[in-house]
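The values are calculated or read from the model by the stated rules, or taken from the named source; none is laboratory data. Because the structure is a prediction, the values reported are computed rather than measured. Heads up, the Cβs are rebuilt from the backbone with ideal geometry, glycines too, and the neighbour counts pull from every protein chain shown. Please note that ligands, DNA and RNA were not included when accessible areas were found on the heavy atoms of the full protein model with its side chains. Shrake-Rupley method; radii C 1.70, N 1.55, O 1.52, S 1.80 Å.
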Amino acid sequence: MKTLKQIYILAFFCVGINYAQITTLEVDASQSIAKIQPTMYGIFFEDINFAADGGLYAEMIKNRSFEFDEPLMGWEQPNSDRHSYNNNSGIATIIKYSGDQTNHNYCRITVKDDQGYKIINKGFRGMGIHAKAVYNLSFLAAKTSGNIKELHFKLVGKDKKEIASTSVVVDANDWKKYEAQLTATATAEKATLEITFSGTGEIDMDMISLFPEDTWKQRKNGMRKDLVQLLADMDPGFLRFPGGCIVEGRTLAKRYQWKKTVGPIEDREILVNRWNTEFGHRPTPDYYQSFGIGFFEYFQLAEDMGAEPLPILSCGMACQFNTGELVPMEELDPYVQDALDLIEFANGDVSTPWGKVRSDMGHPEPFNMKYIGVGNEQWGPDYIARYKVFSEAIKKQYPNMIIVSGSGPFPDGDYFEYGMEALKKLNAEIIDEHYYRSPQWFRDNADRYDDYDRNGPKIFAGEYAAQSVAIASPKNENNWECAMSEAAFMTGLERNAEVVQLTSYAPLMAHTEGWQWTPDLIWFNNLTSYGTPNYYVQKLFATNRGTDLMKVTIDGKKIIGQKSLYASVVKDTETNEMIVKVVNTLSEKNTINFKWNGVSVANNATQIVLVSEELSDVNSISKPKNIIPKSKEIKIDAKDGVQLAPYSVNVFKLKIN
Ligand code: AHR
């Protein structure tokens, strides 16, 4: 039995310990340090890892127009033999014609025995078919000789089971478009499309296409709904497109040319995807760009999500990690003209040539593009010389257009120093910085922007992601340590909202089988998709962006790792809330309290927590919600404070009284 004195001593000791453990975050809400730009958290989209073809673009037929370098890649004829007359089946031949067209191939199918011949498309690592869903089939065909009467289309699922079928009567000798629908009776992740024939003879075929009917916004032949939904749920402030290195191309000839990606789908010239051959350890020989998602679709997607469109264009330099080919300065004009024409395409009146193209595609209203990027990840004096020509030409014609320039691929070192210095001298408006670094680097660099010149160029943290092993290592994972470290770093981006005005994780998406680069924000297979823990970090920051930056300190110092804590505070004048983001990178609980100066807040709050016990934890196709934010209502007690779980990202929302 303890004496009363002993109990008093024990109680005093406990209370004393408790207070000693509480860390006070002092918020000065008396003034707004800076406006948080609506563009603060956005999306970087590049067709890498099957993000567009085989991913967001819902087309299921790979090589639908027979334009790949191997024109029958993706197609199989199990009963045909190139070295035989195929009297018991038939065979496909590629016809390559000349002329002004952009796509020059079609497929001539000779059927000698309609019981023996079939041609199969294998899709993008198969086709994802959902039971009861409807699929829109279309193709172009011309009967050239003989009498092929009917074409039969069959979706074949697991164990070679038929899961949908339809037949189409072909009746024209000239090219004609045919359409039909298939309804699936079962789900299959890796279905194939088999085509068989009634009658014998020759038939020419092109643009054989299959889309789910249920696409994003129900647009015919549009985008995969689940994937766009994940993007829209992030409430992105901008959409950067189309990349990435894909903008530059391995050679100048293979660069991304936006003019070739607009207008009728069948006229968009197919181009090999630069990620096709980039990594010896992840070769993807069947990766091409159909441009089914081209610049019109990117602008439309940005508009759908309420995001600012941010196109990035080639500045006449091929990827410097590859050939680094340069356009001579005296031949730069067509590249500059592409930029000027793009502005006209996006914003010009329908009476202008490029405004008319946009209007003919169904969007007479301008897209109100405000930003344009010159070059992706270029470095050195060659870039600066080209950037100057672009920026002078753009500003001359469009003085209000905001130009995004780049500081190269690394966050430090001589390329970076040189680029930053040169761009500052040229009064660059927004400079894009890229960092693919270790999780530790992200935690150590939460103060990266604290000393940036407030009167200098604004910063676009355009590509970043913590690499669990090493840059571009195929072993990198989207694990909790990476996500949590990015969150710690992002409090530093937010604390410097005066300077940092756009930010985006990269790359955005990856097919679980068709990827080349990891880590990625969103992973998907043919049927389903999930957000990584990194995705939920991005989403938490973006959907709790606030409007005004407030000062927050521990013992008068910015919070960049004291007691393993990282924090930023914003006010949201629209919801009348104070929003605190605190990351606890400690393996143990941390207890905090708030001291509010210049504002009175309610002592109840919403606490959103993203947490996992193990730093190596991940989300996956089978456990997509292993790490997701959870929300609870709490009371903040001045004496006890609030507990932060070990390894946790926390968002507190408190109503302003
Ligand atoms: O995000 C993957 C690549 O990383 C981008 O294409 C490029 O800009 C960077 O090097």
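Observations, loosely collected:
- Scan of segment 607-628 for residues that are buried (at least 17 other Cβ atoms within 10 Å of the Cβ) and free of Cβ contacts under 8 Å to residues at least 40 places away in the same chain, ordered by number: 611
- Any hit, segment 524-531, residues being over 30 Å from residue 562 (Cα atoms), in contact with a Ser or Thr (Cβ under 8 Å, 6 or more places away or on another chain) and not hydrophobic (A, V, I, L, M, F, W, C): yes
- Qualifying residues in segment 289-316 (those that are among the hydrophobic types (A, V, I, L, M, F, W, C), surrounded by 24 or more Cβ atoms within 10 Å (Cβ to Cβ) and not in a helix (DSSP H, G or I)) - the one nearest to the ligand (Cβ to nearest atom): 312
- Of all residues making up segment 454-473, the number that are of a type outside the set (Phe, Trp, Tyr) and out of contact with any helix residue (DSSP H, G or I) (no Cβ under 8 Å at 6 or more places or on another chain): 11
- Segment 84-107 - residue that is assigned to a loop (DSSP other than H, G, I, E, B) and open to solvent by less than 40 Å² (accessible area, probe 1.4 Å) and, of those, modelled with the lowest pLDDT: 103
- Matching residues in segment 520-532 - criterion: being open to solvent by 10 Å² or more (accessible area, probe 1.4 Å) and within 16 Å of the ligand (Cβ to nearest atom): 523
- In summary, helices (runs of 4 or more DSSP H) completely within segment 325-418 and bearing 2 or more residues that are aromatic (Phe, Trp, Tyr), under 30 Å from residue 292 (Cβ atoms) and more than 16 Å from the ligand (Cβ to nearest atom) occur at 333-347.
- Residue selected from segment 252-271 under the condition within 16 Å of the ligand (Cβ to nearest atom) and in a loop (DSSP other than H, G, I, E, B), by the criterion most open to solvent (accessible area, probe 1.4 Å): 255
- Strands (runs of 3 or more DSSP E) contained in segment 159-243 and holding at least 2 residues within 16 Å of the ligand (Cβ to nearest atom): 238-241
- All positions within segment 344-359 that are crowded, with 18+ Cβ neighbours inside 10 Å and among the β-branched types (Val, Ile, Thr): 357
- Residue match in segment 629-643 (condition: surrounded by 15 or more Cβ atoms within 10 Å (Cβ to Cβ) and closer than 30 Å to residue 524 by Cα): yes
- Scanning segment 420-445 for residues that are closer than 16 Å to residue 40 by Cα and more than 23 Å from the chain's Cα centre (by Cα) yields a single hit, 429.
- Residue in segment 317-324 that is aliphatic (A, V, I, L, M) and surrounded by fewer than 19 Cβ atoms within 10 Å (Cβ to Cβ) present: no
- Odd one out for residue 285, checked against (1) away from the ligand (no atom under 14 Å from the Cβ); (2) not in a loop (DSSP other than H, G, I, E, B): (2)
- The condition of being free of Cβ contacts under 8 Å to residues at least 60 places away in the same chain, open to solvent by less than 60 Å² (accessible area, probe 1.4 Å), touching a Pro at 6+ places or on another chain (Cβ under 6 Å) and hydrophobic (A, V, I, L, M, F, W, C) holds for only one of 385, 428, that being 428.
- Checked against (1) open to solvent by less than 30 Å² (accessible area, probe 1.4 Å); (2) in a strand (DSSP E or B), residue 140 passes all but condition (1).
Table: residues versus (1) open to solvent by 10 Å² or more (accessible area, probe 1.4 Å); (2) more than 16 Å from the ligand (Cβ to nearest atom); (3) closer than 20 Å to residue 197 by Cβ.
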| position | (1), (2), (3) |
| --- | --- |
| 28 | yes, yes, no |
| 33 | yes, yes, no |
| 42 | no, no, no |
| 61 | no, yes, yes |
| 79 | yes, yes, yes |
| 82 | yes, yes, yes |
| 114 | yes, yes, yes |
| 122 | yes, yes, yes |
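- Matching residues in segment 582-606 - criterion: being under 12 Å from residue 27 (Cβ atoms) and either surrounded by 15 or more Cβ atoms within 10 Å (Cβ to Cβ) or modelled with pLDDT under 95 (or both): 582, 592, 593, 594, 596, 599, 601
- For segment 168-193, residues that are more than 21 Å from residue 214 (Cβ to Cβ), open to solvent by less than 90 Å² (accessible area, probe 1.4 Å) and charged (D, E, K, R) total 1.
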